[in-house]
1. Between F52 and D19, what is the label-point separation in nm under the 7 Å Cα-to-beta-carbon projection?
2. Please label the shape of the stretch 29-120 as rounded, prolate or oblate, based on the square roots a ≥ b ≥ c of the eigenvalues of the alpha-carbon gyration tensor (a/c under 1.5 means rounded; beyond that, a/b larger than b/c means prolate, else oblate).
3. Would you mind telling me which residue in Y41, Y99, Y143 has the biggest mean-square fluctuation in a Gaussian network model of the chain, where springs connect alpha carbons within a distance under 10 angstrom?
4. Could you work out the relative contact order of the chain, using alpha carbon pairs under 8 angstrom and six or more residues apart, expressed as a whole percent?
5. Could you give the length gained by full extension between I112 and A59, i.e. 0.36 nm per residue of separation minus their alpha carbon distance, to one decimal place?
6. Using a 1.4 Å probe on the protein heavy atoms, what percent of the accessible area of the chain belongs to carbon and sulfur?
7. Using the structure shown, list the pairs from K7/K146; K7/K93; K7/K50; K3/K136; K25/K124; K12/K150 with a Cα-Cα distance above 19 Å, or answer none.
8. Under the rule of -39500 (n - 2.57) per DSSP H run of 4 or more residues, summed and divided by the residues of the chain, what mean residue ellipticity at 222 nm is obtained, to the nearest 500 deg cm²/dmol?
Amino acid sequence: MLKDILKAEYIKINEECQDWEDAIKHAGNILLENGIVTEEYIETVIESVKLFGPYVVVAKGIAIPHCLGTMGVNQNAITIITLKNPVNFGNPKNDPVYYVLLFANTDFDSHIEALSEVSELLQKPEFFETMKNATKPQDIIDYINKEEVKNGWYRKAKKFSKWK
């Protein structure tokens, strides 16, 4: 399932960002350049963090910015950026952030399914090691593909025709 929405061209390694806003913009621009989201979506995600606080920092060192609204999203996708220098989102428990996974979903069901699979990955220290040591986007893709097969996520994906 994740392999359908996370492609190597949606991953950037060792991005240089000034702050959390810049990190979201960098991640968002990857999807923007691929025609997946509009600039409006990126700005809405940033405004959401400003309004609700750093709720997107879900674990030590990792942020998953997203917006539940589907305005400005043309298709389901996730982008990952690893940061050369970590940034603070204002979450004292989990800052600084080294990894940003930006979600773009066209509907609520696909948002939940993708978040569920990502949360399984986040429980594996090997996933963090893979992101930390990745020299190219395919390193991360290969790890996720291996986990999808091992965990049978591809069978679950057949139930969600919206992902196809």
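The values are calculated or read from the model by the stated rules, or taken from the named source; none is laboratory data. Keep in mind that what you see is a predicted model, and the values were worked out from it rather than measured. Using ideal geometry, Cβ is built from the backbone for each residue, glycine included, and neighbour counts are taken over all protein chains shown. With ligands, DNA and RNA removed, areas are computed over all heavy atoms of the protein, side chains included. Shrake-Rupley method; radii C 1.70, N 1.55, O 1.52, S 1.80 Å.
1. So the two model labels end up 2.1 nm from each other.
2. Values: a/c = 1.59, a/b = 1.46, b/c = 1.08.
Prolate is the answer for the stretch 29-120, as a/c is 1.5 or above and a/b outweighs b/c.
3. Y143
4. Working: 272 pairs, mean separation 47.1, N = 164.
Answer for the chain is 29 percent.
5. Numbers: separation 53, 0.36 × 53 = 19.08 nm, distance 1.74 nm.
The span from I112 to A59 would gain 17.3 nm if fully extended.
6. On the way: 4040 of 8060 Å².
Ligands and nucleic acids excluded, carbon and sulfur reach 50 percent.
7. Working: K7/K146 14 Å; K7/K93 31 Å; K7/K50 29 Å; K3/K136 16 Å; K25/K124 27 Å; K12/K150 25 Å.
Table pairs above 19 Å Cα-Cα are K7/K93; K7/K50; K25/K124; K12/K150.
8. Numbers: 7 runs with 76 residues, N = 164.
For the chain, the value works out to -14000 deg cm²/dmol.
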